[in-house]
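A.B. asks: Input: one structure, supplied below.
No value in this document is a laboratory result; all are computed from the given coordinates. None of these values were measured; they are calculated from a predicted model. In this analysis, Cβ positions are derived from the backbone assuming ideal geometry, glycine residues included, and neighbour counts consider all displayed protein chains.
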Amino acid sequence: MVDIRISVKNLTVYFEEQNAALKDINLDIYANEILGIIGPASSGKTTFLRTLNRLNDIHPDFKFEGEVLLDDKDIYKRNVGNLRKKVGMVFAMPNPLPMSIFDNLAYGPRMSGIKDKKSLEELVINSLQAAYLFDEVKDRLHKPALMLSGGQQQRLCIARTLANEPEVILFDEPCSGLDPISTAKVEDAMQKLKEKYTLILVTNNTKQAARVCDRTAFFLLGELIEIDNTATIFTVPSDKRTEDYVTGRFG
Amino acid sequence: MNLKQIREFIIEKAIFLCGLVSIIGIILIFVFLIKEGGSFFLKESLRDFLLGIHWYPTSTPAKFGILPLILGSLLVTGAAISIAVPLGVAGAIFIAEIAKGSLKEFLKSSVELIQAIPSVVLGFLGAKALGGYVMDWFNLSSGLTAFTAALLLAFMALPTIISVMEDAITAVPKRYRESALAMGSTKWQAIYRVVLPAAASGMAAAIMLGIGRAIGETMVVAMASGNAAIIPGFPSGILGPVKTLTATIATETAEASGRHIQSLFAIAIALFLITLGVNVSADFLVHKKKVK
Amino acid sequence: MRINPRHTEKFIFGSLFSVSLIILVPISWVLLITLKYGLSVINLDFLTKSPTFNAGGGIYPAILGTILLVIGTIVVSLPIGLGAAIYLSEYSSKNLLTRIIRIGIISLAGVPSIVYGLFGFSFFVLFLGFDKSLLAGALTLSLMILPVVITASREAIDAVPEHFREVSLSLGATKWQTIRHAVIPHALSGILTGTILGIGRAAGETAPILLIASAWLVNTPTSVVGRGGRFMALPNYLYSTYALVGKSMENPNTPYGIALVLMLLVFLITLPAIIIRAKLRKERKW
């Protein structure tokens, strides 16, 4: 019996009157899996991700129908700040705030009210270790985060969400700006992280999905076409459109 | 709601109130001007006020015709703008398109520096020093003339005109210039035929803002224009004294009472409406350009 | 005969260059002339004593008055202006109210200084009963420079990259926390610079406080409102000594001295702003 972490029911999203960015999405996300979301540009993958942590709320024209449940509770009935701590997000381009490494990681906890120096230090160190970044930065925790390389910055961003002690982590094309070595490090980190967390990975790189994800969902023009075990999606998908995409007939 | 949410709510309401202050402020100003100046029109007709050619507020019987004051303001402003606009256009084009690096920075800072000179200082220097020169150059009995004031006003309006025009010129997309140059024109031809027309509404806005600045200026005209509420002759009136709407209020309020004070508030209403119209139109022109 | 366009260009550019330099002439003239006649007047007594009836003595109360006025104006205009800017940049949506607020700001910016003077007197001094006090003066000047503070703050806030806000929100911070910790700190230099430049101009204004500042006081203010709040201001004192010309002004160069001190004060106020802004342009970390 699999635990369902997030349940999406009949989700339709609009940013402008006639054009739905997402059309009637139904899917469940299981605990401790890595769910991949693939599809060509403008399929709604990022919109879908940002609905899960209510980041779309900041857009003035955002409207939606349907519901999203986190642990059986509607995310719109929860406190949004708490929701976003439980559902963390790593963005496509590494974006540390212009402050020290330590302050970047301590930002989330401080906003929650944790002021005690020792607790903060513990959180920071643990998060850095979980993101496989600690050894590389342990001597310069109070130096500016922007001095790190791209790959290090992205792992910093992962550590940043970990410092909030989330349950689900959303990855929005996290390796698009990274070289292959940094990409490999991030993918390794993700494999380790799924032991404790549930991960959702939006990626443009089908090979990455094949490497990393347990299940994969294929989105096309705002619709969920198919969702299944990764192996199935990439070898014997049910829908022709899925097959065309994963074999590279269109992209 | 917990403590954090309550704090957040109060802060948001306070911020909203701050946003309202500007509306509250402008409404209050309008209300209080009407309160004091409106009662003037209970006993005087608008026609006599606007078109009357005698401003004798302290005589018996008092006369409150502001036509000489309106003409005084127009004359000084018109002369100031005629001097400031060509200089401003030249300066703006030079700074925006031709000057580079430290020369550009130096000129921009100098123009800003002009704004830092207090108007009362300019008015004082204008009255004493510049007035002396004007008196000598034109063989007049006094250097306190519309011309003197106009020179000073032109100088004061210059930073506004130059910076708004410079913004308008810089905002013209690079590709306009590039296409002109690619077709063989010289840099000046590109500026003159392509960039300036594209920046036209911004430049018009700059002129309007300069006019608004000049009409509303008080101390310089109070000190340097001679303060004689007469109808200026044309064209010799420019070398004689005039009295502007702003200077009238500045010089007469301290010792005015009764209907005189009310008439001064009435002038303030007129000034308020004129400058409001000029500035709102100028803003409209600036934003009309940005929407493109 | 067709004129070679290149010659036209050289000629025009040359003229534009000279014209731009012409602009520099009056500035230099102002500075030189004030220095020439004003320096002779300034000595320790001038700066530390009170004025006598014929513009002799010193200008200390006016210096103090202007400084107090400047402080009061910062205290009032900065929080309100910043608050309004935050509202417009971060909270407001594109509705009618926002447009009205914007028109309000533009309108305030266009009101002539003497109209502020009449308003400040009839509203703060008379209607609210603050008397011709520092409070009335500071409130009037604050209203006058509010558009400057709001505009400068808005520009600084809008320049902060959007992803700072997204990151902060995605880490669970509330909207106000995001503004306070992820936006304002990076807009601070711009906010302060714009405000200080506005204050510098306010310090030199005569008309808005024409009916509020006292023409001549021996004592300095003892309170913020009421009779004890009466104050002198440098620009207004310069104006009233000018009016004494021809009468028995003790030293006819006194107004130049006042002008010099006033410009020095404005310069001292605006200098930090200009330095901060130059530093800011170099140091931007994103």
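A.B. asks: List the residue pairs whose Cβ atoms are under 8 Å apart, where the first residue sits in region C:105-116 and is more than 14 Å from C:Gly81 (Cα to Cα), the second is part of a loop (DSSP other than H, G, I, E, B) and not basic (Lys, Arg), and the two are 6 or more positions apart or on different chains.
C.D. replies: C:Pro112/B:Glu217; C:Pro112/B:Thr218; C:Ser113/B:Glu217; C:Ser113/B:Thr218; C:Ser113/C:Glu205; C:Ser113/C:Thr206; C:Ile114/B:Thr218; C:Ile114/C:Leu210
A.B. asks: Only one of these is within 14 Å of another protein chain (Cβ to nearest Cβ) and surrounded by fewer than 18 Cβ atoms within 10 Å (Cβ to Cβ): A:Asp61, A:Asp72. Name it.
C.D. replies: Being within 14 Å of another protein chain (Cβ to nearest Cβ) and surrounded by fewer than 18 Cβ atoms within 10 Å (Cβ to Cβ) holds for just one of A:Asp61, A:Asp72, which is A:Asp61.
A.B. asks: Identify the residue in region C:26-50 that is among the hydroxyl-bearing types (Ser, Thr, Tyr) and surrounded by fewer than 16 Cβ atoms within 10 Å (Cβ to Cβ) and, among all such residues, is farthest from the other protein chains (Cβ to nearest Cβ). Spell out the reasoning first.
C.D. replies: Kept after step one, since they are among the hydroxyl-bearing types (Ser, Thr, Tyr), are these residues of region C:26-50: C:28, C:34, C:37, C:40, C:48, C:50.
Checking which are surrounded by fewer than 16 Cβ atoms within 10 Å (Cβ to Cβ) leaves us with C:28, C:40, C:48.
Details: C:Ser28: 10, C:Ser40: 15, C:Thr48: 22 Å.
Looking at the filtered set, the residue picked out is C:Thr48.
A.B. asks: Cβ-Cβ below 8 Å, separation at least six or inter-chain, first residue in region B:194-215 and among the polar types (S, T, N, Q), second crowded, with 24+ Cβ neighbours inside 10 Å and part of a helix (DSSP H, G or I): which pairs?
C.D. replies: Hits for this filter: B:Ser201/B:Ala168.
A.B. asks: Within region B:56-70, is there a residue that is within 12 Å of chain C (Cβ to nearest Cβ), surrounded by 17 or more Cβ atoms within 10 Å (Cβ to Cβ) and in a helix (DSSP H, G or I)?
C.D. replies: Residues of region B:56-70 within 12 Å of chain C (Cβ to nearest Cβ): none.
No; the residues of region B:56-70 include none that is within 12 Å of chain C (Cβ to nearest Cβ), surrounded by 17 or more Cβ atoms within 10 Å (Cβ to Cβ) and in a helix (DSSP H, G or I).
A.B. asks: Also, I was wondering about something else. Inspect region B:76-97 for any residue being in a loop (DSSP other than H, G, I, E, B), closer than 30 Å to C:Ser18 by Cβ, out of contact with any His (no Cβ under 7 Å at 6 or more places or on another chain) and not polar (S, T, N, Q) and give the result as yes or no. It would help to see each step written out before you state the result.
C.D. replies: Residues of region B:76-97 that are in a loop (DSSP other than H, G, I, E, B), as a first pass: none.
Within region B:76-97 (the criterion being in a loop (DSSP other than H, G, I, E, B), closer than 30 Å to C:Ser18 by Cβ, out of contact with any His (no Cβ under 7 Å at 6 or more places or on another chain) and not polar (S, T, N, Q)), the answer is no, since none of the residues qualifies.
A.B. asks: For C:Ile23, state whether it is in contact (Cβ under 8 Å) with a residue 40 or more places away in the chain and within 12 Å of chain B (Cβ to nearest Cβ).
C.D. replies: Answer is no for this residue.
A.B. asks: Related question: Return the total of residues in region B:202-239 being assigned to a loop (DSSP other than H, G, I, E, B) and at the interface with chain C (Cβ under 10 Å from one of its Cβ atoms). It would help to see each step written out before you state the result.
C.D. replies: Just the residues of region B:202-239 that are assigned to a loop (DSSP other than H, G, I, E, B), to begin with: B:217-218, B:225, B:227-235.
Applying the additional criterion that residues be at the interface with chain C (Cβ under 10 Å from one of its Cβ atoms) yields B:217-218.
Of the residues in region B:202-239, 2 are assigned to a loop (DSSP other than H, G, I, E, B) and at the interface with chain C (Cβ under 10 Å from one of its Cβ atoms).
A.B. asks: Can you tell me how many residues in region A:214-251 are over 19 Å from A:Ser42 (Cα atoms) and in a helix (DSSP H, G or I)?
C.D. replies: The total comes to 7.
A.B. asks: Which one of these is of a type outside the set (Gly, Ala, Ser), over 23 Å from the mean Cα position of the chain (by Cα) and crowded, with 22+ Cβ neighbours inside 10 Å: C:Thr241, C:Thr254?
C.D. replies: Values: C:Thr241 fails: over 23 Å from the mean Cα position of the chain (by Cα).
Answer to the check: C:Thr254.
A.B. asks: Is it fair to say C:Ser93 is assigned to a loop (DSSP other than H, G, I, E, B) and polar (S, T, N, Q)?
C.D. replies: Working: assigned to a loop (DSSP other than H, G, I, E, B): yes; polar (S, T, N, Q): yes.
So C:Ser93 fits the description; yes.
A.B. asks: Residue check: is C:Phe130 surrounded by fewer than 24 Cβ atoms within 10 Å (Cβ to Cβ), in a helix (DSSP H, G or I) and more than 7 Å from chain B (Cβ to nearest Cβ)? Don't jump to the end; show me each part of the working.
C.D. replies: On the way: surrounded by fewer than 24 Cβ atoms within 10 Å (Cβ to Cβ): yes; in a helix (DSSP H, G or I): no; more than 7 Å from chain B (Cβ to nearest Cβ): yes.
Spelling it out, it is not the case that C:Phe130 is surrounded by fewer than 24 Cβ atoms within 10 Å (Cβ to Cβ), in a helix (DSSP H, G or I) and more than 7 Å from chain B (Cβ to nearest Cβ).
A.B. asks: State yes or no: is A:Ser7 within 19 Å of A:Glu226 (Cα to Cα), within 19 Å of the chain's Cα centre (by Cα), surrounded by fewer than 22 Cβ atoms within 10 Å (Cβ to Cβ) and of a type in the set (Ser, Thr, Tyr)?
C.D. replies: Details: within 19 Å of A:Glu226 (Cα to Cα): yes; within 19 Å of the chain's Cα centre (by Cα): yes; surrounded by fewer than 22 Cβ atoms within 10 Å (Cβ to Cβ): yes; of a type in the set (Ser, Thr, Tyr): yes.
Yes: the conditions hold for A:Ser7.
A.B. asks: Okay, next question. For region A:91-147, how many residues are farther than 28 Å from C:Ile179 by Cβ and within 9 Å of chain C (Cβ to nearest Cβ)?
C.D. replies: 0
A.B. asks: So which residues in region B:109-148 are within 11 Å of chain C (Cβ to nearest Cβ) and more than 21 Å from C:Thr241 (Cβ to Cβ)?
C.D. replies: Selection gives B:Ser109, B:Ser110, B:Val111, B:Glu112, B:Leu113, B:Ile114, B:Gln115, B:Ala116, B:Tyr133.
A.B. asks: Can you find a residue in region A:134-151 that is surrounded by 19 or more Cβ atoms within 10 Å (Cβ to Cβ) and either under 30 Å from B:Leu3 (Cα atoms) or among the acidic types (Asp, Glu) (or both)?
C.D. replies: no
A.B. asks: Okay, moving on. For region C:56-82, name all the residues that are surrounded by fewer than 24 Cβ atoms within 10 Å (Cβ to Cβ), among the aliphatic types (A, V, I, L, M) and more than 30 Å from B:Ser22 (Cβ to Cβ).
C.D. replies: C:Ile63, C:Leu64
A.B. asks: So which residues in region C:185-207 are among the small types (Gly, Ala, Ser) and in a helix (DSSP H, G or I)?
C.D. replies: At the first step, the residues of region C:185-207 found to be among the small types (Gly, Ala, Ser) are C:187, C:189-190, C:194, C:198, C:200, C:202-204, C:207.
C:Ala187, C:Ser189, C:Gly190, C:Gly194, C:Gly198, C:Gly200, C:Ala202, C:Ala203, C:Ala207 - these are the residues of region C:185-207 that are among the small types (Gly, Ala, Ser) and in a helix (DSSP H, G or I).
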